[in-house]
Amino acid sequence: MGLYLKLAFGNVRRSARDYSVYFATLGFAACLLYSFVASSDYLDRLDLSPDQMSVVASSGDILQAFSIFTVLVFLFLVRYANRFLLRRRSREFALYKLVGMDRGAVSCVLVMETACVGVLALALGVLLGVALSPAFGAIIAFVFDVPWHPMVVFSSQSAVWTSGCFAAVFALNAFDGARNIGRRPLIELIAAERAPEVASTGGRLARGVQVAAAAVLLAVVWGACVFQPVYFIAFIIPMGFAACFATALVARIVVAGWAARARRRTERYWRGLRAFTVRQVESRVASSSMALACVCVLIAVSVCMMVAGFAFSVGMRTPELVSQGLAASMAPIGFIGIFYGSVFLLSAVAVLSLQQLSGAADARHAYASLAKLGCERADMALSVRKQVLLYFAAPFAGAMVHDVFGLFLVAFLAFALGTSGFFAITGGVLLFTAALLAVYGVLTSLAVERLCLADA
């Protein structure tokens, strides 16, 4: 057991350098979860009036209930990240079996690694949450429009809640990963890193059916959002699934058309590594269109929620709404919108980064072959940057199309309640979203370039 534990620690230490985006995202996720649950403790330390205390007390159960949905988002994020890591390290697990480790021993090492990652991410997140508690307290005080003074707050109840959530999430993923590795044949583990993910796009008739299905689904979702907002809110979950499915169909159709047009321009198509880049993008989108669609919808939802959160808090600071008590009563909804918008946005950019890192593992051998053929490193680096740029820009562009209709609904509710500064709030949220995607895109591009060109 001591040998397995030493091996697990060594693997975690080695992986931390290559997958820093993954570890940083998990740590920040733990920080957000802890800080969200600890928001009531921050408010207890502020100078609140009796009316404000009643509002906070009434919103406590709502905040606790919504934290469960945050855990579900984190579960999706961690499961996606673990799938990437298992695929990236499948050859390593095959070598463990070749040297004589049985299925139970390999599963034990994987469970230990998962536990180490979970404990480190949890400790980092809680410590970061405590260190940033003055800043989170300032944000909460700003949203609830109450006086604020700097203070460091540690919430033992929130730390226990966050620890329990992380333990459950990582235990589930450790069990799933161990079962996945244990039941796969040795030859499949050895070839998993090199095996490309492919998906059939179908013939002309199938593409026509996909176009029709996407048009119908988008018409239903967007039409309900604009003309039947009550039904849209009541059926928000099936509407979200419909939007994801339709977006995935649109992504496959658009990329297929883009690749076909690129091939028709033969003189430009065969210039530099454009043909290689087009083929890489085409094959990746064909196999990961649903994941890209989920990211696109997550970004769209996060923008709408953050705009709604600021509109229902900051935008309701007019004297009339404050005197009516409407601003104070809407503050919990504003806080939920801001927090969940940031969580969804973080999850979206993290999935985008992990997709690119996973693609780097697949494309590494292709770039090594290009180097052997005499391709310049600068040309290969440019190809990597173009692909990463496209993968970050395309979901953002698609999200903006969804938000044309989503923000129409938010604007209707905001103006009905008499909020002010809606367009300024919308512009600020969009600017923040674009900036976050740009920062993650640059960091991911550097990591992907390092992985892809390691053997070049």
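The values are calculated or read from the model by the stated rules, or taken from the named source; none is laboratory data. Small disclaimer: the values here were computed from a predicted structure and weren't measured. FYI the Cβ positions are ideal-geometry reconstructions off the backbone, even for glycines, and counts take in every protein chain you see. Just the protein is used for accessible areas: all its heavy atoms, side chains included, with ligands, DNA and RNA removed. Shrake-Rupley method; radii C 1.70, N 1.55, O 1.52, S 1.80 Å.
Considering only the range 336-351, state which residues are open to solvent by less than 20 Å² (accessible area, probe 1.4 Å), among the hydrophobic types (A, V, I, L, M, F, W, C) and farther than 16 Å from C294 by Cα. Break it down stepwise before answering.
Looking only at the range 336-351, we keep the residues that are open to solvent by less than 20 Å² (accessible area, probe 1.4 Å), and these are 336-337, 339-341, 343, 345-351.
Among the residues that remain, those that are also among the hydrophobic types (A, V, I, L, M, F, W, C) are: 336, 339, 343, 345-346, 348-351.
Within the range 336-351, I336, F339 qualify.
Within the range 312-319, is even one residue under 19 Å from the mean Cα position of the chain (by Cα) and open to solvent by less than 40 Å² (accessible area, probe 1.4 Å)?
No.
Can you find, within the range 369-381, the residue that is least open to solvent (accessible area, probe 1.4 Å) among those that are farther than 16 Å from A454 by Cβ and either of a type in the set (D, E, K, R) or touching an Asp or Glu at 6+ places or on another chain (Cβ under 9 Å) (or both)?
Filtering the range 369-381 for residues that are farther than 16 Å from A454 by Cβ and either of a type in the set (D, E, K, R) or touching an Asp or Glu at 6+ places or on another chain (Cβ under 9 Å) (or both), the one least open to solvent (accessible area, probe 1.4 Å) comes out as D379.
Could you say which residue among L430, L446 is closer than 30 Å to L326 by Cα and open to solvent by 30 Å² or more (accessible area, probe 1.4 Å)? Spell out the reasoning first.
Values: L446 fails: closer than 30 Å to L326 by Cα.
Of the residues listed, the single one that is closer than 30 Å to L326 by Cα and open to solvent by 30 Å² or more (accessible area, probe 1.4 Å) is L430.
Between a residue in the range 373-395 that is among the acidic types (D, E) and any residue that is crowded, with 17+ Cβ neighbours inside 10 Å, which pairs come within a Cβ distance under 8 Å, given they are 6 or more apart or on different chains?
From the range 373-395, the pairs are D379/L273.
So in the range 96-125, with the set limited to residues that are buried (at least 17 other Cβ atoms within 10 Å of the Cβ) and not hydrophobic (A, V, I, L, M, F, W, C), which one is modelled with the highest pLDDT?
So the residue we want is G125.
Assess whether A219 counts as being assigned to a helix (DSSP H, G or I) and at pLDDT 85 or above.
Numbers: assigned to a helix (DSSP H, G or I): yes; at pLDDT 85 or above: yes.
For A219, the condition - assigned to a helix (DSSP H, G or I) and at pLDDT 85 or above - is met.
Could you list, ordered by first residue, the pairs with Cβ atoms under 8 Å in which the first is in the range 304-324 and farther than 30 Å from G240 by Cβ and the second is surrounded by fewer than 24 Cβ atoms within 10 Å (Cβ to Cβ) and modelled with pLDDT of 80 or more, at least 6 apart or interchain?
Cβ pairs passing all conditions: R317/S420; T318/G418; T318/S420; E320/G418; L321/L417; L321/G418.
Does the range 355-368 include one or more residues that are out of contact with any His (no Cβ under 8 Å at 6 or more places or on another chain) and under 15 Å from L430 (Cβ atoms)? First the steps, then the outcome.
Filtering the range 355-368 down to residues out of contact with any His (no Cβ under 8 Å at 6 or more places or on another chain) leaves 355-368.
Filter once more, so that each one left must be under 15 Å from L430 (Cβ atoms): none.
No, that holds for no residue.
Quick one: is A368 without any contact (Cβ under 8 Å) to a residue 40 or more places away in the chain and over 15 Å from the mean Cα position of the chain (by Cα)?
Values: without any contact (Cβ under 8 Å) to a residue 40 or more places away in the chain: no; over 15 Å from the mean Cα position of the chain (by Cα): yes.
No: the conditions fail for A368.
Given L249, L298, which one is part of a helix (DSSP H, G or I) and over 30 Å from I139 (Cα atoms)?
On the way: L298 fails: over 30 Å from I139 (Cα atoms).
Criteria check complete, one pass: L249.
Going through S289, S283 one at a time, which residue ends up being assigned to a helix (DSSP H, G or I), out of contact with any Ser or Thr (no Cβ under 9 Å at 6 or more places or on another chain) and over 28 Å from F412 (Cβ atoms)?
Working: S289 fails: out of contact with any Ser or Thr (no Cβ under 9 Å at 6 or more places or on another chain).
Every option except S283 fails the conditions.
Here's the yes/no breakdown for (1) open to solvent by 80 Å² or more (accessible area, probe 1.4 Å); (2) not in a helix (DSSP H, G or I):
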residue	(1), (2)
L127	yes, no
P150	yes, yes
V160	yes, no
F166	no, no
